[in-house]
1. What number of residues in segment 1-28 are open to solvent by 40 Å² or more (accessible area, probe 1.4 Å) and not β-branched (Val, Ile, Thr)?
2. Please work out which residue is surrounded by the most Cβ atoms within 10 Å (Cβ to Cβ), limiting yourself to segment 55-73 and to residues that are in contact (Cβ under 8 Å) with a residue 12 or more places away in the chain and closer than 21 Å to Gly26 by Cβ.
3. Out of segment 7-28, which residues are touching a Leu at 6+ places or on another chain (Cβ under 6 Å) and either free of Cβ contacts under 8 Å to residues at least 60 places away in the same chain or not aliphatic (A, V, I, L, M) (or both)?
4. Can you pull out the residues in segment 29-54 that are open to solvent by less than 80 Å² (accessible area, probe 1.4 Å), farther than 18 Å from Asp72 by Cα and in a loop (DSSP other than H, G, I, E, B)?
5. I'm trying to understand the selection: among the residues of segment 74-102, which are of a type in the set (S, T, N, Q) and surrounded by 15 or more Cβ atoms within 10 Å (Cβ to Cβ)?
6. Out of Ala74, Ala91, I need the residue that is within 13 Å of the chain's Cα centre (by Cα) and over 11 Å from Gly35 (Cα atoms). Which one?
Amino acid sequence: QVQLVESGGGLVQPGGSLRLSCAASGVLFRIYDMGWYRQAPGKQRELVARVTRGGSTNYADSVKGRFTISRDNAKNTVALKMNSLKPEDTALYYCNAVFPGNDYWGKGTLVTVSS
């Protein structure tokens, strides 16, 4: 059974930092492209950052220079380090694992940026 479990969300002040983590089980982690998505209230889910199985990364323009995605194939985890957080980063953040013919999602972790 495939499971993606996110952790690390919470309440943080503007300008602060958080580190999200996603632990994967039930999949051959190293062959999957891994991503972080987010969905704010009333908005569509959007890609935040992605790291391919080969280690290439890409980011949404809104988070470039502030967020960093990384993966640890030995631990079956993918992390998202978020710096200089803004109120508009407030959203439910989801972990995603993709391989041709397979697409898995976690249940999300809530990030709230507010003073």
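1. 13
2. The extreme case among them is Arg71.
3. Scanning segment 7-28 gives Gly8, Gly9, Gly16, Cys22.
4. Ala40
5. Asn76, Thr77, Thr90, Asn96
6. Selected residue: Ala91, the only one of Ala74, Ala91 that is within 13 Å of the chain's Cα centre (by Cα) and over 11 Å from Gly35 (Cα atoms).
The values are calculated or read from the model by the stated rules, or taken from the named source; none is laboratory data. None of the values given here were measured: they were computed from a predicted structure. No Cβ is skipped: glycine too gets one built from the backbone with ideal geometry, and neighbour counts run over all protein chains shown. Please note that ligands, DNA and RNA were not included when accessible areas were found on the heavy atoms of the full protein model with its side chains. Shrake-Rupley method; radii C 1.70, N 1.55, O 1.52, S 1.80 Å.
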